[in-house]
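First comes the structure, then the notes that go with it.
The values are calculated or read from the model by the stated rules, or taken from the named source; none is laboratory data. Bear in mind that the values here come from a model prediction, so they are computed numbers and not experimental data. When we count neighbours, we look across all protein chains shown, and the Cβ atoms used for this are built from the backbone with ideal geometry, even at glycine. Each accessible area value is taken on the protein alone, full model and side chains, heavy atoms only, with ligands, DNA and RNA left out. Shrake-Rupley method; radii C 1.70, N 1.55, O 1.52, S 1.80 Å.
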Amino acid sequence: MIEIINRPKGTQDILPDEIELWHYIEETIRSLTQLYSFSEIRTPIFEATELFERSVGETTDVVQKEMYTFMDKGGRSVTLRPEATACIVRAYMENGMINQGAPRKLYYMGPMFRYERPQAGRLRQFHQFGIETIGSAHPTADFEVIEFSVALLRQLKLEETKLTINSIGCQKCRPQYREALKAYYLEKLNNLCEDCQRRYEVNVLRLLDCKVDKEATAGAPSILDYLCDECAEHFDQVKDLLVKASIEYEIDPRLVRGLDYYTRTAFEINTAALGGQSQILGGGRYDGLGEFLGGKPIPAVGFAAGLERIVMLLKKQRLDIEAEEGMLVSILPLGDAVFHHAFDFASRIRRRGIPVFVDVMNRNLSNRLKHAGRIGTRLAVVFGDNELEASIVTVKNMIDGSQAQVDAAYLEDYIEEKLELS
RNA sequence: GUGGUUGUAGCUCAGCUGGCAGAGCGCCUGACUGUGGAUCAGGUGGUCGCGGGUUCAAAUCCCGCCAGCCACCCCA
């Protein structure tokens, strides 16, 4: 007995039933990016492992334990991309896009891979959409990225979402805050959970969003009190722009980012409706990334959204996607002698831009009609020997059940007319 | 990676303290030899997640593994 092979853990088959929802999301994204003048960029799904080690940061979970890394046959270590920002910046530098003027506004959409324990809204292969505005250090760039993310969710008709923002400083002021935090937590260290004791050494900022030790965190110093003048001014301007655009937000000084390259603005959009994985979108400024990757410093800001989470939310909201106007014509030939005419009719109708299904099963009319009905046929073209001898076919309207004898020579005209009338 | 929980037909599930694997829906066929949706009848469909153990006998009890879900962790 040959064993049946199942899909790999943490992956998903997206079936035809669900694909309409994906198309709806993808089309909304493409039209909105166009309206905001973001251009699509496609980069490889795997990259040199070092790209992620250098950018995402070797202390993060993503690099330490979540990467799909393997040696190729040439002895190179490559990794399935766990996120795209590093890839985009790599491509930006490699292709000399810095010479194409600033800012360069890019977007991407595609699969990402992280070796994690799967859970609702968390998969090993998942899809992200993201935008990056590269080349501008100005707060208007931060604002535009945030504004776009809000507009996108509104356009998608996603309900009950909340925007949270923060500033996490820069390489100048963050170290001082880090020290202040360490000093604050030092005396409490023994009472903290195991994870937090580890975080204390690895990445103190992460202590802030620990769910176990909420009490200890309550009195912790706020990053906002440690921002340097430039960072504070930048943050003020971003907030001011948001207020003037009537975009509601909440400031959460404990909002930090897990990835090392983030600077200044950090933001997230969350929803209460999703359970454990509440974040549907997250991003911020990453002025440090260019240098991390061995290039010039390049100011940039962007975000990434999880498409599966958007799909889940929309399903939960039971959003009715307007079904495509049903235009399908089904051709139901009766008897071996007339099968070849079916394909001739089909080509002629398809040339008018009308979708056609040809029944390629050998079964009686009753079952052919049954199947035609279930796939959403609007008009069924039925014919056997007797019709074709008279050069006619029978066209049945599947919605009201009426039918007509039609001159086979003008079948496509009749169908076109019939579909446009209804 | 840690903890909890679940796994029986394509789907939803029943199957008691071990005793011949079931139902509804779906699918296929027929009633209707050329007319779908309704009705009725018949049929198809399962290594009971996988492997081992206990037993005369395991879907049922025990152990291990795999997978799903939930929470932690982390993030989109």
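Please work out which one of (1) surrounded by 11 or more Cβ atoms within 10 Å (Cβ to Cβ); (2) within 14 Å of the chain's Cα centre (by Cα) is the condition A:Tyr36 fails and give its number.
With (1) surrounded by 11 or more Cβ atoms within 10 Å (Cβ to Cβ); (2) within 14 Å of the chain's Cα centre (by Cα) applied to A:Tyr36, the lone miss is (2).
Any residue that is open to solvent by 30 Å² or more (accessible area, probe 1.4 Å) and within 11 Å of RNA strand B (Cβ to nearest atom) - is there at least one of those in segment A:223-246?
Start the filter on segment A:223-246 by keeping residues that are open to solvent by 30 Å² or more (accessible area, probe 1.4 Å), which leaves A:224-226, A:229-230, A:232-233, A:236-237, A:239-241, A:243-246.
After this cut, where a residue has to be within 11 Å of RNA strand B (Cβ to nearest atom) as well, the list is none.
No.
In segment A:261-295, what count of residues is obtained for those that are in contact with a Pro (Cβ under 6 Å, 6 or more places away or on another chain) and assigned to a loop (DSSP other than H, G, I, E, B)?
Taking segment A:261-295 first, the residues in contact with a Pro (Cβ under 6 Å, 6 or more places away or on another chain) are A:287, A:290-291.
Narrowing further to those that are assigned to a loop (DSSP other than H, G, I, E, B): A:287.
The total comes to 1.
Considering each of A:Thr69, A:Thr49 in turn, give the residue that is open to solvent by 60 Å² or more (accessible area, probe 1.4 Å) and in the same structural domain as A:Leu313 (by TED's automatic domain parsing). Quick ask: steps written out before the conclusion?
On the way: A:Thr49 fails: open to solvent by 60 Å² or more (accessible area, probe 1.4 Å).
Being open to solvent by 60 Å² or more (accessible area, probe 1.4 Å) and in the same structural domain as A:Leu313 (by TED's automatic domain parsing) holds for just one of A:Thr69, A:Thr49, which is A:Thr69.
Is there any pair with a first residue in segment A:83-97 that is on the phi < 0 side of the Ramachandran plot and a second that is open to solvent by less than 10 Å² (accessible area, probe 1.4 Å) and small (Gly, Ala, Ser) whose Cβ atoms are under 6 Å apart and which are 6 or more apart or on different chains, and what are they?
Pairs that qualify, where the first residue is on the phi < 0 side of the Ramachandran plot and the partner is open to solvent by less than 10 Å² (accessible area, probe 1.4 Å) and small (Gly, Ala, Ser), are A:Ala84/A:Gly130; A:Ala86/A:Ser55.
Has segment A:257-273 got at least one residue that is within 13 Å of RNA strand B (Cβ to nearest atom), crowded, with 18+ Cβ neighbours inside 10 Å, more than 22 Å from the chain's Cα centre (by Cα) and in contact (Cβ under 8 Å) with a residue 12 or more places away in the chain?
Within segment A:257-273, one or more residues are within 13 Å of RNA strand B (Cβ to nearest atom), crowded, with 18+ Cβ neighbours inside 10 Å, more than 22 Å from the chain's Cα centre (by Cα) and in contact (Cβ under 8 Å) with a residue 12 or more places away in the chain.
Taking interchain pairs and intrachain pairs at least six residues apart, which have beta carbon atoms under 6 angstrom, with the first residue in segment A:62-76 and free of Cβ contacts under 8 Å to residues at least 12 places away in the same chain and the second open to solvent by less than 50 Å² (accessible area, probe 1.4 Å) and in a strand (DSSP E or B)?
A:Met71/A:Ser77; A:Asp72/A:Val78
Testing A:Met93 on (1) more than 9 Å from RNA strand B (Cβ to nearest atom); (2) in a strand (DSSP E or B); (3) not acidic (Asp, Glu), one condition comes back false. Which one is that?
Result: A:Met93 fails condition (2) only.
Within segment A:35-90, can you find the residues that are β-branched (Val, Ile, Thr) and either over 18 Å from A:Tyr115 (Cβ atoms) or part of a strand (DSSP E or B) (or both)? Reasoning before the result, please.
Residues of segment A:35-90 that are β-branched (Val, Ile, Thr), as a first pass: A:41, A:43, A:45, A:49, A:56, A:59-60, A:62-63, A:69, A:78-79, A:85, A:88-89.
Correct list: A:Ile41, A:Thr43, A:Thr69, A:Val78, A:Thr79, A:Thr85, A:Ile88, A:Val89.
Show me the helices (runs of 4 or more DSSP H) entirely contained within segment A:296-402 in which 1 or more residues are within 11 Å of RNA strand B (Cβ to nearest atom), assigned by TED's automatic domain parsing to the domain that holds A:Asp142 and of a type in the set (A, V, I, L, M). Break it down into steps so the answer makes sense when it comes.
Details: elements: A:307-316, A:339-350, A:365-374, A:385-389.
It comes to A:307-316.
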